[in-house]
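Each value in this text was obtained by applying a stated rule to the coordinates, not by laboratory testing. Treat the numbers as computed from the prediction; the structure is a model and nothing was measured. A quick note on method: Cβ atoms are made from the backbone with ideal geometry, for glycine too, and the neighbour counts reach across all protein chains shown.
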């Protein structure tokens, strides 16, 4: 099902979770590009992408549909295999995953981007593990 903005409900849930979690952590990290076209020959797009880091998110809906929906077909596997060959790390989340643990999903994406957020000894800290541009009001480790 699509929202008024044209996003699926699952994509809207991820976008909301991203903004909320990044705001909660008090960090500034470049947000994702929406519907990023990563392969010009096939017109394939990612739901969310960070092109510089080659990290992408795919929000999979329809797993309860007959034959698992479109994400259970060979076309989607071909897309993800091509992305892997091109050096992309693609994280896939179902609606159930985003409903059950939206913070965990966003934290996993942040970690893939080289930012690890968590509670260390009672203090929230943000640790950068790559060249990702991050600023924070929290103590750096």
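For the range 9-114, give the share of DSSP beta bridges that are antiparallel, in percent and rounded to the nearest 5; count only bridges with both residues there.
Numbers: 8 of 14 bridges.
Expressed as a percentage, antiparallel bridges in the range 9-114 total about 55.
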I need the peptides 83-90, 15-22 ranked by packing, meaning the mean over residues of other C-beta atoms within 10 angstrom, with the highest value on top. 15-22, 83-90
Hey, what's the Cα Rg ratio for the range 9-114 versus the globular rule of thumb, 2.2 N^0.38 Å? 1.06
